[in-house]
Amino acid sequence: MKEAASEGISRNKEKSKQKFLDAVGKILNTKGFSGLKVNDIAKVAGLDKKLMYNYFGGRDQLIDAYIRSKDFWSNAAEGNSNTVIDDGGKALTKKMLLSQFDYVYKNKELQKILLWGLIENRKALKNVAEERELNGAVLFENITDPFFAEKANRFRAVSALLVGGIYYLDIYASTNDFTFCGLDLKSVEGRAEIEEALAFIIDSTYSAV
């Protein structure tokens, strides 16, 4: 009986935590960042605001958790921790960048978070940016740096251009009806051209070693 009760409490806690996370997303989509106030989050979640402090420690920590749950690179290293690497990380790099290209385009909440990070200096955004860098460092130091050796920083620079370019193109595609360099980034054909270009750049970078 005690175990069943304990499991029930745990399930209810996780459901409540998810309601708070969902509430942050709903407010972000309707009112923007300025609407993320404690009372408003609790109201949208349909829960007592005290639970926010019990489960997350406060509003800022809740926002941290929300951003982390949406951020692609904060979860990428963990999701690929068991991948077998025998090509210096080429296949993994392709997989992750192509996944990022698809994920960011489809995730409007993440796009707003990315824009938020460019215009505001907030602790929650800094924390996730630092975590993103730490996860990236794991992949670089353990996989690509040994392969590229003295050219390791060159590969990091190429990666920076590709990651940043993906962010920009996906946000551009979601907020504009114009083409980019003559490509319709909302069309299957246009996005396929970008995907092929990503693969080409990665192949060329590895071939240049």
Query - Options D86, D60, D64: the member that is assigned to a loop (DSSP other than H, G, I, E, B) and either among the basic types (K, R) or modelled with pLDDT under 95 (or both) - result: D86
Report summary line: Expected single match for within 26 Å of I166 (Cβ to Cβ) and either part of a helix (DSSP H, G or I) or open to solvent by 70 Å² or more (accessible area, probe 1.4 Å) (or both) among A42, A76, A23 is A76
Requested in this report: Return the residue satisfying two criteria in turn: it lies in region 109-132 and is among the basic types (K, R) and over 11 Å from the mean Cα position of the chain (by Cα), and of such residues it is least open to solvent (accessible area, probe 1.4 Å).
Outcome: K112
Report task. Output the residues belonging to region 148-178 that are modelled with pLDDT of 95 or more and open to solvent by 80 Å² or more (accessible area, probe 1.4 Å). Result -> E150, K151, N153, R154, L161, Y168
Query - Number of positions in region 179-208 that are surrounded by fewer than 12 Cβ atoms within 10 Å (Cβ to Cβ) and under 20 Å from A149 (Cβ atoms) - result: 3
Requested in this report: Please indicate, with yes or no, whether at least one residue in region 180-200 is within 24 Å of D71 (Cα to Cα) and in contact with a Ser or Thr (Cβ under 9 Å, 6 or more places away or on another chain).
Outcome: yes
Report summary line: Filtering region 98-108 for residues that are open to solvent by 10 Å² or more (accessible area, probe 1.4 Å) and part of a helix (DSSP H, G or I) leaves a count of 7
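The values are calculated or read from the model by the stated rules, or taken from the named source; none is laboratory data. Computed from a predicted structure; not experimentally measured. Please note: Cβ atoms are built from the backbone with ideal geometry, for glycine as well, and neighbour counts cover all protein chains shown. Side chains included, ligands, DNA and RNA excluded: accessible areas come from the protein's heavy atoms. Shrake-Rupley method; radii C 1.70, N 1.55, O 1.52, S 1.80 Å.
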